[in-house]
1. Cβ-Cβ below 6 Å, separation at least six or inter-chain, first residue in region 445-462 and over 17 Å from Gly425 (Cβ atoms), second open to solvent by 70 Å² or more (accessible area, probe 1.4 Å): which pairs?
2. Give the residue, chosen from Leu455, Leu432, that is surrounded by 12 or more Cβ atoms within 10 Å (Cβ to Cβ), in a helix (DSSP H, G or I) and among the hydrophobic types (A, V, I, L, M, F, W, C).
3. Can you name the residue in region 158-180 that is within 14 Å of Leu103 (Cβ to Cβ) and outside any loop (DSSP other than H, G, I, E, B) and, of all such residues, is modelled with the lowest pLDDT?
4. Only residues that are in contact (Cβ under 8 Å) with a residue 40 or more places away in the chain, open to solvent by 10 Å² or more (accessible area, probe 1.4 Å) and either charged (D, E, K, R) or more than 30 Å from Gly150 (Cβ to Cβ) (or both): list them for region 221-248, please.
5. Taking the conditions exactly as written (open to solvent by less than 50 Å² (accessible area, probe 1.4 Å) and touching a residue at least 24 places away in the same chain (Cβ under 8 Å)), does Arg47 satisfy them or not?
6. Can you confirm whether Leu82 is within 24 Å of Arg246 (Cα to Cα) and assigned to a helix (DSSP H, G or I)?
7. Is it true that Arg190 is part of a helix (DSSP H, G or I), more than 24 Å from Arg49 (Cα to Cα) and modelled with pLDDT under 90?
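The values are calculated or read from the model by the stated rules, or taken from the named source; none is laboratory data. Not measured: the values here are computed from a predicted model. Don't worry about glycine lacking a Cβ; one is built from the backbone with ideal geometry, like all the others, and counts go over all protein chains shown. Ligands, DNA and RNA are stripped out before the accessible areas are found, and what is left, the full protein with its side chains, is counted by its heavy atoms. Shrake-Rupley method; radii C 1.70, N 1.55, O 1.52, S 1.80 Å.
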Amino acid sequence: MLAQVRSYTLFGLDAVPVTVEVDVSPGLPSYALVGLPDKAVEESRERVRAALKNSGFPYPQARVVVNLAPAELRKEGSHFDLPIALGLLAAQGVVPLEALAGLAVAGELGLDGALRPVPGAVNLALGALGEGKRLLLPLESAKEAALVEGVEVYGAESLLQAVAYLRGEEEPRRVEPDDPVAALEALDLRDVKGQAKAKRALEIAAAGYHHLLMVGSPGSGKTMLARRLPFLLPPLSQEAALEVSRIHSAAGQILKGLLRTPPFRAPHHTVSYAGLIGGGAIPKPGEVSLAHRGVLFLDEFPEFSRDALEALRQPLEDGVVTVSRARASLTFPARFLLVAAMNPCPCGWYGDPERACTCTPASRQRYVGKISGPLLDRFDLVVEVPRLTPAELARAPEGEGTEAVRERVLRARERMLARQGRPNGELAGKALREHVRLTSGAENLLQAAAKRMLLSARSYDRLLRVARTIADLQGAESVEENHVAEALAYRKTL
């Protein structure tokens, strides 16, 4: 007897439909699984066998063939356990075939028949929504899938309960999304003593979505500043929250609610190229995609591998990253705000007023030289974060809190969106020239600075964008001389 169960396999961020065909026919007991399964899918045989027996269901003593169609597509993940188990039961007449019509199924089985959560529930729900199907998942995954509006999601805690639903012995448990997750407690800028210039640079970066590089001695507050940046950014819209949640779900994170706060990712400098950009036989999103619509913080910036750093150049410009492998080529969103921090030299004390630097000029040059000119050119803001002495820390004013700065950022962002429909950091070409209007004094200062500093065309445009953001923070219609002067103050040379 043949039974068919609808399921999905994750291909990047998309849930691709897969039909699990189970045929049970007379013959010597055997089990064949075909359709390009990976190791996790192949091992489902033993999990399914034990789960059926320990749940009190028969395992067929016959010839069993399981086909995952389409056969040419690679199948990954343990979520095929449940559809294979239900297909075996339907082929034996334990579950009525008509109960599987219009239903998509996914879930990992424990040996006792318990259902365990699977990654990518949001993406599975989007796949079911696209096909107009109901979705049956492990209870915890069902709560995540229910975050997608318009899809009918049911949750089960065990194979026994799933079968009871399909046989009409128990009312299916329609799952509704949990209450929205409370926003993370905002980290306050007041916690960072002094550093008025760095805080101002942080405000400009948040308002215009400008990439920021902070240079300073160990313990000067670079990491504290970076960790407070997501709380200056506007909250994610419903569409953006679903897009970001979809990426994190595909990466294996179990979500309790849509991600409303812009993500903050801080990978260690030993992260691999694939971990940063994305990779795998079937590519998975990397840190640049997990930071989509949020902040990617790279501490100890020159310590990252040269290949990984250079790979950032394309997504910084395009907002997407394409990962090509022999079996697949996938494009992931990667529109992130890059914040990097570094010491001025290998020992960290170059330029410090109290501690002497032990580095030679050659070693310092090699250290700074790990960052290529084209990559450095992509930072709109480069700011020095000096270490404060204990006496300076004691006298340092408290400064503004996160809430006050965030209000200015939101007002500036509203002006940008009303004028051009995007943050200033994303302006380019004709749109940049159209929306950045300079007074005669500002234009003269900019031309003189470009000639003196030998600015590239890219650096010139970035200076324009920063000046436009400073003007927006002050509510000015045109970019004036003082706005350009302040923008020039954030062009520190390494």
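1. Leu445/Glu481
2. Details: Leu455 fails: in a helix (DSSP H, G or I).
The conditions single out Leu432.
3. Among those residues, the one meeting the criterion is Arg174.
4. If the condition is that a residue be in contact (Cβ under 8 Å) with a residue 40 or more places away in the chain, open to solvent by 10 Å² or more (accessible area, probe 1.4 Å) and either charged (D, E, K, R) or more than 30 Å from Gly150 (Cβ to Cβ) (or both), then Gly221, Lys222, Thr223, Arg227, Arg228, Phe231, Glu243, Arg246 are the ones that fit.
5. Yes, satisfied.
6. Judged against the criteria, Leu82 is a match.
7. Judged against the criteria, Arg190 is a match.
Residues are listed down the side, and each one gets a yes or a no for (1) at pLDDT below 90; (2) among the hydrophobic types (A, V, I, L, M, F, W, C):
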{"position": "Ser305", "(1), (2)": "no, no"}
{"position": "Pro333", "(1), (2)": "no, no"}
{"position": "Ala340", "(1), (2)": "no, yes"}
{"position": "Pro346", "(1), (2)": "no, no"}
{"position": "Pro353", "(1), (2)": "yes, no"}
{"position": "Ala356", "(1), (2)": "yes, yes"}
{"position": "Thr360", "(1), (2)": "no, no"}
{"position": "Pro374", "(1), (2)": "yes, no"}
{"position": "Asp377", "(1), (2)": "yes, no"}
